[in-house]
Amino acid sequence: MAEESVYNRKGFTGEDIIRLKQLISEGCQVNQEIDDLKEGLRDTIKAIAEEIEVKPSQLAKAIRIAHKESMQDERDALDEIEDILDAAGKKG
């Protein structure tokens with residue numbers, strides 16, 4: 001009964017409550033699936049990185065850049081870093 005008074009105070013109807021419970025349940029399931037897929041991808045990245053002798057972080061970054069189609073943004077950011085290092089006399 002205490003639960004019901006909270007729902008009534010918020011103005012949720014019985015149908016609202018059912019929909020909210022379903023949404024939260026499905027959202028949790030989707031988030032778990034995403035976590036599982038990300039873990040699998042990390043394992044795959046690590047295995048392939050070892051095989052081709054590159055850092056896993058470099059492969060992961062390449063995937064992020066490809067996914068976001070942000071290669072030019074990455075180049076621009078690197079150019080900015082290069083300008084900063086030039087100004088500081090630290091380019092090596």
| query | So for the stretch 24-87, taking the charge dipole from beta-carbon charges (+1 Lys/Arg, -1 Asp/Glu), which of SER57, SER70, CYS28 sits furthest toward the positive end? | reply | CYS28
| How large is the helix-only mean residue ellipticity at 222 nm for the chain, computed as the sum of -39500 (n - 2.57) over DSSP H runs with n ≥ 4, divided by its residue count, in deg cm²/dmol to the nearest 500? | -29000 deg cm²/dmol
| Förster radius 25 Å - calculated FRET efficiency between SER70 and LEU23, Cβ distance, rounded to 0.05 | 0.20
| Calculated from the structure, mean projected area of the Cα convex hull in nm² equals which of (i) 10.4; (ii) 11.8; (iii) 6.9? | (ii)
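Only the coordinates and a few stated rules stand behind these numbers; no lab work does. Quick caveat, the model's predicted, so the values are computed rather than measured. Note: ideal-geometry Cβ built from the backbone for every residue, glycine included; neighbour counts use all protein chains shown.
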